[in-house]
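Asker: This is the structure I have questions about; it appears just below.
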Amino acid sequence: MPDSTSTVLARTDLHDQVYASLKEALATRKLAPGEKLSLQELATAYGVSRSPVQQALTRLVTEGLVEVKPHLGHFVKPLTVASVCEAYDVREALELWAADYTVGRVAPGELAELRRLMERTLVMLERRRIVDYSGYFATNQAFHDFQVGLAGNELMRETYRRLSVNALMARVLTGHGERQSNLAEEHVELVEAFLAGDRRRAAQAVKAHVATGKELAVAAIEQAGGVL
């Protein structure tokens with residue numbers, strides 16, 4: 001459970017704070033796969049009532065990070081190769097649709113912001129390795145969220161966010177050492193495709209990037225014995 005000495009929260013925006021803290025604990029594997037999440041213990045640890053904890057857990061269930069077992073309660077949902085691959089497949093479908101809808105139609109200011117967000121992710125990478133995991137996951141999430149948001153479809157954007165692929169990526173890669181990847185090159189290529197207004201190139205960039213993420217996740221889960 002979270003350390004009560006460091007996680008007592010201010011009395012503002014409690015629901016969002018509890019949700020964010022629990023999601024971070026799941027992403028960084030401070031909570032183990034299959035671990036029971038007690039409403040009362042979490043409420044006590046955070047110094048809040050059970051209500052914000054219940055709402056946070058409900059949100060995490062919809063994102064596939066927590067599961068409910070009838071008559072038993074909430075548990076950290078174990079990640080398997082199959083479940084992670086499914087999440088990446090849905091991510092690919094949404095990103096491809098967003099790219100097809102937006103490439104060639106994005107305003108110059110939005111393209112500049114997309115590039116700026118991409119460049120922030122590059123700072124977290126060095127020689128094809130992630131050197132700042134927390135920084136990379138935060139900047140990567142901002143970059144891809146903005147990319148999908150360019151389509152202007154809020155329902156699709158919320159669906160994309162509920163996938164929590166970035167949190168899944170953080171969870172499977174945390175503690176598994178440095179892994180080489182093409183993440184930096186793929187981010188650059190995706191932005192270059194947007195700048196060129198080339199839909200086909202953008203689609204290829206999306207597919208390559210999702211494939212890399214899936215490959216990293218599968219390798220980490222298999223290294224851990226098939227479940228994280």
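Asker: Starting with the highest mean, order 81-93, 161-173 by the number of other Cβ atoms within 10 Å, averaged over the residues of each peptide.
Answerer: Output ranking for 81-93, 161-173: 161-173, 81-93.
Asker: Give me the extension gain from residue 227 to residue 110: residue separation times 0.36 nm, minus the current Cα-Cα distance, reported in nm with one decimal.
Answerer: 38.2 nm
Asker: Another question, then. R0 = 35 Å: FRET efficiency of residue 36 with residue 123, Cβ-based, nearest 0.05?
Answerer: Once rounded, the FRET efficiency stands at 0.35.
Asker: OK, next. Need the full-extension length gain, residue 131 to residue 100, defined as separation in residues times 0.36 nm minus the C-alpha distance. One decimal, nm.
Answerer: Result for the pair: 8.0 nm of gain on full extension.
Asker: Under a point spin-label approximation (7 Å from Cα along Cα-to-Cβ), what is the residue 162-residue 212 distance to one decimal in nm?
Answerer: 2.9 nm
Asker: Moving on. Ranking request for peptides 201-213, 30-42: highest mean number of other beta-carbon atoms within 10 Å first, then the rest in descending order.
Answerer: Result, highest mean first: 201-213, 30-42.
Asker: Counting pairwise Cα distances across the chain, what percent come out greater than 30 angstrom? Display every interim value, and only then the final one.
Answerer: Values: 7262 of 25878 pairs.
Percentage above 30 Å: 28.
Asker: Quick check for the chain: number of Lys pairs with alpha-carbon distance under 15 Å, counting only pairs 8 or more apart or on different chains?
Answerer: Numbers: 23/36; 23/77; 30/77; 36/69; 36/77; 69/77.
Lysine pairs meeting the criterion: 6.
Asker: Put +1 on the Cβ of every Lys and Arg and -1 on every Asp and Glu Cβ in segment 55-159; which of 156, 66, 124 then has its Cα farthest towards the positive end of the dipole?
Answerer: The Cα lying farthest towards the positive end belongs to 124.
Asker: If you wrap a convex hull around the alpha carbons of segment 4-76, what volume per residue comes out, as a whole number of Å³?
Answerer: Roughly 82 Å³ of hull volume per residue.
Asker: Where does helix 199-223 land angle-wise versus the long Cα axis of the chain, in degrees 0 to 90, nearest 10?
Answerer: 40 degrees
Asker: On to the next question. Quick one: give the max-minus-min coordinate of the C-alpha atoms of segment 85-204 along each principal axis, largest first, in Å.
Answerer: If we take the Cα atoms of segment 85-204, the spans are 40, 27, 22 Å.
Asker: By how many nm would the segment from residue 55 to residue 155 lengthen if fully extended, with 0.36 nm per residue of separation less the alpha-carbon distance? Provide the component values of the computation, followed by the final result.
Answerer: Values: separation 100, 0.36 × 100 = 36.00 nm, distance 2.04 nm.
Full extension of this stretch gives 34.0 nm more.
Read-outs throughout are calculated quantities, based only on the coordinates presented, and are distinct from any laboratory measurement. Keep in mind it's a predicted model, so treat the numbers as computed, not measured. Ideal geometry is used to build each Cβ from the backbone, glycine not excepted, and the neighbour counts take in all protein chains shown.
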